[in-house]
1. Would you mind working out the accessible area per residue for segment 108-265, using a 1.4 Å probe, and quoting it in Å²?
2. Quick check: at a probe of 1.4 Å, how many percent of the accessible area of the chain sits on carbon and sulfur atoms?
3. Over 28 Å between Cα atoms: which of LYS76/LYS179; LYS61/LYS244; LYS89/LYS179; LYS61/LYS176; LYS89/LYS244 fall into that group?
4. Net charge within 10 Å of ASP96 by Cβ-Cβ distance, Lys/Arg positive one each and Asp/Glu negative one each, not counting ASP96 itself?
Amino acid sequence: MLKKILVTILLCVTLSAQADSVLLYNLSQDRTVMSRDADRLRSIASITKIMTAMVALDYDKDLSRRLQLSRSVGTKLPRQEYTREQLLKAMLINSDNAAAETIAEDYPGGRSAFIARMNMTADAWGMRDTNFIDPSGLGVFNVSTVRDVANMMSTAAGYWFITEVSGQKQAAIETKYKKRIRTINLPHTSGPLLFAFDSVLVSKTGLTSSAGWCVGMVVEQNNQKYVVVVLGSRNKRERLETVKNIRYNHIVDTNLNTVNFSTNY
């Protein structure tokens, strides 16, 4: 663990000078289509919330139970009670950090036990280069590789709630305001990325100064399932262009027999 922390500190110092890490994996054929720096340890920002959701869903299937929103971090939501379903939607669609913290604090043994479960789950899935220190991804020491993230995203595709939510363009959350009910619409942080493929089963973006612009996706295209992971893009446009490059230059079209590999990678 100490070695991993020291490596992460070095990562934070050098990240800004490094190119992004990219992986495209064909789940249907069980093969890597293309990759770049697939084993480089990087901060993963809010992609963390995919693991948070899975641990929460494994712990308690009751989505109607109400929880008081945490005050430990910022949020776009009023500080009141929400159902676990609302919190999970706010977290997965709009990447709400307070929703993630609330879910973690609800776990038996509290937040620290929840984070321990996140790491135990990662180890059980063979994610040897992954470490979590918080449930939201705000911390620089939430680290992984594109290979490990691809493993996590493909596992997430087996959770019906995550796949149902990932394709929604916004989360509609009902809140109380002066004794009235109002609806807050929270847009999906994946935005244009959702339109790059025929179908999106799982999608989660991430952004911090240490992580750069990140995204993990499980998509369907031409009757094939793929995992797409990009970590460390320099800006939002570069991340989008990388995903579009993957879509149009590395995924077989229905009328082609081979993949057109772009020299950009």
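The values are calculated or read from the model by the stated rules, or taken from the named source; none is laboratory data. All of these numbers come straight from a predicted model, not from anything done at the bench. Please note: Cβ atoms are built from the backbone with ideal geometry, for glycine as well, and neighbour counts cover all protein chains shown. Note: accessible area is taken over every heavy atom of the protein model, side chains too, but ligands, DNA and RNA are not part of it. Shrake-Rupley method; radii C 1.70, N 1.55, O 1.52, S 1.80 Å.
1. 48
2. 50
3. LYS61/LYS244
4. +2
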